[in-house]
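Asker: One structure coming up, written as structure tokens, with questions to follow.
The values are calculated or read from the model by the stated rules, or taken from the named source; none is laboratory data. Everything numeric here is computed off the predicted structure, so don't read it as measured data. Glycine also receives a Cβ, built like all others from the backbone with ideal geometry; neighbour counts cover every protein chain displayed. Accessible surface areas use protein heavy atoms only, side chains included; no ligands, DNA or RNA. Shrake-Rupley method; radii C 1.70, N 1.55, O 1.52, S 1.80 Å.
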Amino acid sequence: MKIMRLCASLVALLFYTGSTYSQSISVELSVRWIKGVDIFNRDSIIYYPELIITYRNNSDTSYYFSKVSESRFGLPILPIGSLLQYPIEYYTNPNYLERAKSHGSYMNNKYKVEIGGGQLYTKGWIVINDSSEIEVEQEIDMINDDLADIYEYIYREKFNTESDNAEWNKINFFLCNINPYDILNVYNKKFVFLRPGEIYTDTYNLVGFKLIKGCFTFYVSPYFPDYVYTTPIWDKNQSKYLQIKTALPKVVGEYKLYSGNFNTNKITITF
């Protein structure tokens, strides 16, 4: 069997602020390689990486907080950059296999992957050219299109059932949902609940990044907000929808709300 050699490097960047509170929680990124089936050829076996996000409670207090990123059954959520450039046929009868197979190659290009940097309500990922500044750039890089199509194809092949869709449709919060009961029982998959010394992990399939190649540095913004965005409200005076920030409960069950800085790291993988 021919094995492709890949280079992966870790860049540890812990954010020590001098405050013990800010060090109570850490969010650690790591990668493991697993054996799986080629998404375009079910008779072929391939090895691909998974990104592991580990949440760790280093304190003696039970905390809860929003996850840094949403996932769709372990698949990262990415924006579509050239949405309006597609012909109308792509919407009426999208062929995701064709679109996934027609991905480009980004070998020798460098990118930053902001985890949780997508839309406000889904906390997806966004891939940014290493030479760009996300605060300045308004256009979404085309690489996001290719990744979104690959992961949409995987989702439709493996997870597209009525029950799966029902779970995935719990995207937005309504104002009435921001209460301890709903957070613990209805929207608990959007949060992490940790007793002292406990850890929690999420894994994300990186096969799309392996297919398109390139050098990717994955990172999260090291700050937990004390609010969530709830369903937008139409403002007739401004003729637009307003994004609404709603404060999270200070206590949910036995867990106190954790907000503010946390320790984290970056990880770079070159395909």
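Asker: Any residue that is modelled with pLDDT under 95 and under 18 Å from the mean Cα position of the chain (by Cα) - is there at least one of those in the range 233-250? Quick ask: steps written out before the conclusion?
Answerer: First pass over the range 233-250, keeping only residues modelled with pLDDT under 95: 233-246.
Within this subset, residues satisfying the condition of being under 18 Å from the mean Cα position of the chain (by Cα) are none.
No - not one qualifying residue is present in the range 233-250.
Asker: I want to confirm something. Restricting to the range 196-207 and keeping residues that are of a type in the set (S, T, N, Q) and closer than 20 Å to THR264 by Cβ, which single residue is surrounded by the most Cβ atoms within 10 Å (Cβ to Cβ)?
Answerer: Only one residue fits best here, namely THR203.
Asker: May I pose another question? Can you say whether LYS67 is touching a helix residue (DSSP H, G or I) at 6+ places or on another chain (Cβ under 7 Å), modelled with pLDDT of 90 or more, farther than 15 Å from ASN129 by Cα and of a type in the set (D, E, K, R), as far as the supplied structure shows?
Answerer: Working: touching a helix residue (DSSP H, G or I) at 6+ places or on another chain (Cβ under 7 Å): yes; modelled with pLDDT of 90 or more: yes; farther than 15 Å from ASN129 by Cα: yes; of a type in the set (D, E, K, R): yes.
Yes: the conditions hold for LYS67.
Asker: Follow-up. For the range 187-207, name all the residues that are modelled with pLDDT of 95 or more, assigned to a loop (DSSP other than H, G, I, E, B) and farther than 29 Å from VAL37 by Cβ.
Answerer: The answer is ARG195, PRO196, GLY197, GLU198.
Asker: Anything in the range 229-271 that is farther than 29 Å from GLU50 by Cβ and polar (S, T, N, Q)? List them, or say none.
Answerer: THR230, THR231, ASN237, GLN238, SER239, GLN243, THR246
Asker: Hey, among the residues in the range 21-42 that are assigned to a strand (DSSP E or B) and polar (S, T, N, Q), which one's least open to solvent (accessible area, probe 1.4 Å)?
Answerer: The extreme case among them is SER26.
Asker: Could you list, in sequence order, all residues of the range 208-256 that are touching a residue at least 40 places away in the same chain (Cβ under 8 Å), open to solvent by 20 Å² or more (accessible area, probe 1.4 Å), within 12 Å of PHE65 (Cβ to Cβ) and part of a strand (DSSP E or B)?
Answerer: The answer is TYR255, LYS256.
Asker: Looking at the range 94-116, which of the residues that are part of a helix (DSSP H, G or I) and not hydroxyl-bearing (Ser, Thr, Tyr) is surrounded by the fewest Cβ atoms within 10 Å (Cβ to Cβ)?
Answerer: GLU98
Asker: Out of the residues in the range 117-138 that are at pLDDT 70 or above and of a type in the set (D, E, K, R), which is surrounded by the most Cβ atoms within 10 Å (Cβ to Cβ)?
Answerer: Looking at residues that are at pLDDT 70 or above and of a type in the set (D, E, K, R), I get LYS123.
Asker: Checking TYR90 against (1) farther than 29 Å from LYS190 by Cβ; (2) at pLDDT 90 or above, which test does it fail?
Answerer: Every condition holds for TYR90 apart from (2).
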